[in-house]
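Here's the structure, in structure tokens; my notes come after.
The values are calculated or read from the model by the stated rules, or taken from the named source; none is laboratory data. Just so it is clear, the model here is predicted, and its values are computed rather than measured. Every residue, glycine among them, receives a Cβ derived from its backbone with ideal geometry; neighbour counts consider all protein chains shown.
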Amino acid sequence: MSTLFSPVRLAGLELANRIVVSPMCQYSGDDGCANDWHLMHLGMLANSGAALVVVEATHVERHGRITHGCLGLYSDDNEAALHRVVSQARRRGTAKFGIQIAHSGRKGSAQRPWHGGNSLKAGDEDPWPTIAASAIPFGDNWHTPREATEADMNRVRDAFVNSARRALRIGFDSIELHMAHGYLLHGFMSPLSNKRDDQYGGSFENRMRFPLSIARAVRAVVPNEVPLGARITGSDWREGGLTPDDAVNVAKALKAEGIDFLCVSSGGVALDVRNPSDLGYNVAIAARVKREAGIATRAVGLIVMPEQAEAVVSKGEADMVALGRAMLNDPHWGWHAAAALGADIKLPVQYLRAGPKLWAPAAKR
């Protein structure tokens, strides 16, 4: 029997298999609101064969977005728009739905990728001031963020809590906190981007203080049966930055705050950092986190082939795998993986005639 296609339980949620669609920014919202693009995109992925689809990084305040096209969950309009999209996708698809809530920090006020992906400048489309752990730009020719004050941190913490409450009202099956990729919470964690000399900087414990306060506050409003997780960085891929040893310690600290699962990603702390290009380059770090912190883990990062994904979970290196670009390239990746691994998978009734028992080409995959 395929381990990839065996069920897994996170808190009160049982997932039919170990395949997760990774959150992928679409940069296509309307003042934070999901629209028909998201309905098409998420509706397609709801029938990908993955047990869980995680909605893209959805930001907790308007000036916490990366771009003007990023989703938010900070207003009633945001909530209503996302409720419409997710309700329709869930009704038409086989997957459960999770959401990643986030704050962009110093990586905000940026252009959409297809417009260059650079920092918005004066004269561009309404740039805004950003906050960060320290007043250090994300990269050359980027704006300089303002060092976050206690008032900023209190406001952002409340915003995370309010977004989590909105996510629960929408009916999401799981919630995860974005603590990776150089965004605000990772920016506090990493010694490369946090040069503070107060209680939020310096030692590992100090750099974790604000991110852990977010986890604690959100856990207090998310019922125990709803899985609450976090995406963390396994490595900053730069000397002096976070390492896999730190990832284990971050995992232990988050587990102590009641976090149920972790998605182990990496990189993104600065504009000129480049991640490895090896297949599954985060898997070994995820395996360490799972083994040493004793928490459910998801591996992500160039997991492409069914046999590769099967090996990750069957060897116990991670409990789940998350796929991003592989799912965009093949929106029925889960179907094809099931055929390759000899597993059965639930199809929409409208597509049953394309299943392996009724269509010879599918049986031969």
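Tell me which of these R298 doesn't satisfy, since it passes every other one: (1) basic (K, R); (2) in contact (Cβ under 8 Å) with a residue 24 or more places away in the chain; (3) farther than 26 Å from E257 by Cα.
(3)
If only one of S87, S109, S134, S104 is among the hydroxyl-bearing types (S, T, Y) and farther than 16 Å from A270 by Cα, which one is it?
Values: S109 fails: farther than 16 Å from A270 by Cα; S134 fails: farther than 16 Å from A270 by Cα; S104 fails: farther than 16 Å from A270 by Cα.
The match here is S87.
Here is a list of conditions, (1) out of contact with any Gly (no Cβ under 8 Å at 6 or more places or on another chain); (2) under 20 Å from F261 (Cα atoms); (3) in contact (Cβ under 8 Å) with a residue 24 or more places away in the chain, and R209 meets all of them except one; can you say which number that is?
Status for R209: all satisfied but (3).
Could you identify the single residue in A247, A287, A217, A253 that is modelled with pLDDT of 95 or more and under 14 Å from E176 (Cα atoms)?
Values: A247 fails: under 14 Å from E176 (Cα atoms); A287 fails: under 14 Å from E176 (Cα atoms); A253 fails: under 14 Å from E176 (Cα atoms).
Exactly one residue qualifies, and that residue is A217.
Can you tell me which residue is farthest from I136 (Cα to Cα) among those in the range 176-225 that are among the hydroxyl-bearing types (S, T, Y) and within 22 Å of the chain's Cα centre (by Cα)? Before the answer, list the steps.
In the first step, residues of the range 176-225 are kept if they are among the hydroxyl-bearing types (S, T, Y); the result is 183, 190, 193, 200, 203, 213.
If we keep only those that are within 22 Å of the chain's Cα centre (by Cα) as well, we get 183, 190, 193, 213.
On the way: Y183: 13, S190: 12, S193: 7, S213: 23 Å.
The qualifying residue farthest from I136 (Cα to Cα) is S213.
What number of residues within the range 72-93 are assigned to a loop (DSSP other than H, G, I, E, B) and touching a residue at least 60 places away in the same chain (Cβ under 8 Å)?
Applying the first criterion (assigned to a loop (DSSP other than H, G, I, E, B)) to the range 72-93 yields 73-75, 93.
Keeping just the survivors that are touching a residue at least 60 places away in the same chain (Cβ under 8 Å) gives 73-74, 93.
Number of matching residues: 3.
Of all strands (runs of 3 or more DSSP E) completely enclosed by the range 1-53, which ones contain at least 3 residues that are within 18 Å of the chain's Cα centre (by Cα)?
19-21
So that you can scan it fast, the table gives a plain yes or no per residue for (1) of a type in the set (G, A, S); (2) surrounded by fewer than 24 Cβ atoms within 10 Å (Cβ to Cβ); (3) under 27 Å from F204 (Cα atoms):
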{"residue": "A89", "(1), (2), (3)": "yes, yes, no"}
{"residue": "W114", "(1), (2), (3)": "no, yes, no"}
{"residue": "P129", "(1), (2), (3)": "no, yes, no"}
{"residue": "D152", "(1), (2), (3)": "no, yes, yes"}
{"residue": "L168", "(1), (2), (3)": "no, yes, no"}
{"residue": "S174", "(1), (2), (3)": "yes, no, no"}
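Report every pair of residues separated by at least 6 positions or lying on different chains whose Cβ atoms are under 9 Å apart, first residue within the range 35-64 and surrounded by fewer than 23 Cβ atoms within 10 Å (Cβ to Cβ), second modelled with pLDDT under 95 and aliphatic (A, V, I, L, M).
Here the result reads N47/L347, each pair linking the range 35-64 to a residue that is modelled with pLDDT under 95 and aliphatic (A, V, I, L, M).
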